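This report concerns only the one structure given below.
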Amino acid sequence: GGDGCGVNIVDIFNPCAGAFCTVPEEPPLFYNRYKPFTSVTAVLGQPMICQTRRKRRECPSPFSQSYNRQEPNKLYKAPLNAPKNSSILGCKDEELDDSPHLGYAPMVHNGKPVYCIFLVKELLDRMKEYEWLDDLTDSVDVYTLIYTPDVDTLTLVQVNFEFSPTGRITSRDRQFSYTSIQASDRWVSWLVLTIIFLILSAARMLQVTKWWWTMPSLVTRFDLFQTLAFIAFSTYSLSRRSLGVDAVLSNIMPLINCFLGVDDTSSANAINFTINTYFDTLNMVMGQVTLEEAMKLIAYFLILMSLVRLIGYMAVHPKISIIAKTITNGLDDVFHFMLVFVSIFVTMAWLAHWSFGMDKEPFSSMPTALNTCFQMLIGEYPWGPEHTEGLVQKVWLVVYTFLIYFVTINVLLAIIVE
């Protein structure tokens, strides 16, 4: 490895420390392909950092307008004695900016203009000096592609930073992994199991159709819909896996060749073409992963439907029918209980977010407040030492514990016992 160009050893997927050299230099003596005590992975190209920006607009508040109209005082030292060439206070507009920023024109990603550059050590100082990130930055995403050869998996790592109007920066990281099952040892097993599942679903479809024709009811309609969903899901999965082309992994080498094929590092067109190719690969990976996540979500709900139907099948045996009978008999009371419970629960979560959400990260937003309240519902209380909790927080804790934990939960238990 090394800090820059001109070293004798570099990683094979990291030529010239990942940055384009402005002055061509002699190639290294050899590539350090295998480093001891490290996992066998390869970072494909350089990480990319992208930002979305808002347009600047004049602030509507009277204070901001008065502040921007202040005249310079000649008695002060520079620069306070000089006239302002622009408004000091400005606000973010709702519209995203699509004009060039520090020489970088935006590209379109998911319908939004984004400004992307390669995240390399040589550019960090310039990014700070010229304020590539400033008060108009709306969000920042850092992307990197990692390939794991042992499992033939491509992973897209994304770190997102959201900038709120008050200056708070919230971060989250996501990993999108894609692998080709056709090239793995599990392909034959998956193919056989899917075909068996499709045959069983087709046989069940014939039986359910007969039941629905002779004894139409809500249960037979549910079984008919569920079986149709099983057949559609397995047919689409089988056809997509068997007939589809692995478009993700087949585009990895063209991406690497694009990085290594730049012959004029002073050409803006060549660099922009490389960035666009990298970005196209990111979009393709995220698109394929999004499709896989959608298929997983459909399978998730199909399994839940099967679980509901399994509970219904338990009613045929008197010894194991207690769950089905309890749900059937108490369904009306549980429904009306949930109306009251959800109203109290959401109100308490909003009250916590509104009262002390600025000081407590678990209540900083309404979604996180709802998640925190649910964790408290099952006994996970996110409270620190006593001296860090204010009176308002302690009062809220007592009220929440009494209403949610002692009253509503015990009412639900009473309904179930009855």
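Could you pull out the residue among THR290, THR326, THR274 that is of a type in the set (S, T, N, Q), over 29 Å from ARG241 (Cα atoms) and open to solvent by 40 Å² or more (accessible area, probe 1.4 Å)?
Residue meeting the stated conditions: THR326.
Can you name every residue in region 360-397 that is among the charged types (D, E, K, R), surrounded by 12 or more Cβ atoms within 10 Å (Cβ to Cβ) and free of Cβ contacts under 8 Å to residues at least 12 places away in the same chain?
Step one: list which residues in region 360-397 are among the charged types (D, E, K, R), which gives 360-361, 380, 386, 389, 394.
The next check asks that each one be surrounded by 12 or more Cβ atoms within 10 Å (Cβ to Cβ); those that pass are 360-361, 389, 394.
Answer for region 360-397, where residues must be among the charged types (D, E, K, R), surrounded by 12 or more Cβ atoms within 10 Å (Cβ to Cβ) and free of Cβ contacts under 8 Å to residues at least 12 places away in the same chain: GLU361, GLU389, LYS394.
Do we find that SER177 is open to solvent by 60 Å² or more (accessible area, probe 1.4 Å) and modelled with pLDDT under 90 in this structure?
Yes, satisfied.
So, of the residues in region 43-60 that are under 16 Å from GLU94 (Cα atoms) and in contact with a helix residue (DSSP H, G or I) (Cβ under 9 Å, 6 or more places away or on another chain), which turns out to be least open to solvent (accessible area, probe 1.4 Å)?
The extreme case among them is CYS59.
Every residue, every condition in (1) outside any strand (DSSP E or B); (2) closer than 18 Å to ILE275 by Cβ, yes or no:
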residue	(1), (2)
ASN81	yes, no
LEU89	yes, no
GLU95	no, no
CYS116	no, yes
LEU123	yes, yes
TRP132	yes, yes
ASP150	yes, no
ASN160	no, no
THR166	yes, no
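Count, please, the residues in region 133-163 that happen to be more than 16 Å from the chain's Cα centre (by Cα), over 15 Å from ARG53 (Cβ atoms) and open to solvent by 40 Å² or more (accessible area, probe 1.4 Å).
6
Of all residues in region 284-309, how many are over 14 Å from the mean Cα position of the chain (by Cα) and polar (S, T, N, Q)?
2
If I ask for residues that are open to solvent by less than 50 Å² (accessible area, probe 1.4 Å) and free of Cβ contacts under 8 Å to residues at least 12 places away in the same chain, which ones from region 350-359 would you list?
none
Return the residues of region 168-186 that are of a type in the set (A, V, I, L, M) and in a strand (DSSP E or B); say none if nothing qualifies. Steps first, please.
Quick first cut of region 168-186, residues of a type in the set (A, V, I, L, M) only: 169, 181, 183.
If the condition is that a residue be of a type in the set (A, V, I, L, M) and in a strand (DSSP E or B), then ILE169 is the only one that fits.
The values are calculated or read from the model by the stated rules, or taken from the named source; none is laboratory data. Not measured: the values here are computed from a predicted model. Cβ coordinates were reconstructed from backbone atoms using ideal geometry, including for glycine residues, and neighbour counts include every protein chain displayed. These accessible areas exclude ligands, DNA and RNA; they are computed on the full protein's heavy atoms, side chains included. Shrake-Rupley method; radii C 1.70, N 1.55, O 1.52, S 1.80 Å.
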